[in-house]
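Beneath this line is the structure, given in structure tokens, with notes to follow.
The values are calculated or read from the model by the stated rules, or taken from the named source; none is laboratory data. Computed from a predicted model, the values in this text were never measured in an experiment. Here Cβ is always computed from backbone atoms with ideal geometry, including for glycine, and neighbour counts include all displayed protein chains. Note: areas computed on protein heavy atoms with side chains; ligands, DNA, RNA excluded. Shrake-Rupley method; radii C 1.70, N 1.55, O 1.52, S 1.80 Å.
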Amino acid sequence: MDEIYRYEFRFHGRVQGVGFRYSAYHAAVSVGATGWVKNEWDGSELMQLQGNSSQIACVLKALQKGMFIQIDETEKNLDVIETEASFRIK
């Protein structure tokens, strides 16, 4: 079984009002990743993403296809939430 990771990502650019959260939701659900995504007050999007390295890479790749997105290069390695079973929009 692949090791499970949990990361926090902040996305900057024109990410609010363009369907970013729904794109993140569909990308995560399509590969079985869990976590959440939400709008932030400063116009960015904050996402916690949990899954194996392949799942995480697939979600980020899908989001990078959007011309309006800039991924902040910082990521936070978080503790895995064993009981989490889905991805949601906050």
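Here are the numbers for the structure shown:
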| item | result |
| --- | --- |
| Residues that are farther than 23 Å from Ile81 by Cα and charged (D, E, K, R), drawn from the stretch 1-45 | Arg14, Asp42 |
| In the stretch 51-70, residue surrounded by the most Cβ atoms within 10 Å (Cβ to Cβ) [restricted to those that are touching a helix residue (DSSP H, G or I) at 6+ places or on another chain (Cβ under 7 Å) and modelled with pLDDT under 90] | Leu63 |
| Check on Val29, among the β-branched types (Val, Ile, Thr) and at pLDDT 95 or above | yes |
| Extreme residue, modelled with the highest pLDDT, among residues of the stretch 71-90 that are open to solvent by less than 70 Å² (accessible area, probe 1.4 Å) and acidic (Asp, Glu) | Glu84 |
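Here's the yes/no breakdown for (1) under 14 Å from Ile69 (Cβ atoms); (2) open to solvent by 50 Å² or more (accessible area, probe 1.4 Å); (3) acidic (Asp, Glu):
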| residue | (1), (2), (3) |
| --- | --- |
| Arg14 | yes, yes, no |
| Ala24 | yes, no, no |
| Ala33 | no, no, no |
| Asp42 | no, yes, yes |
| Leu49 | no, no, no |
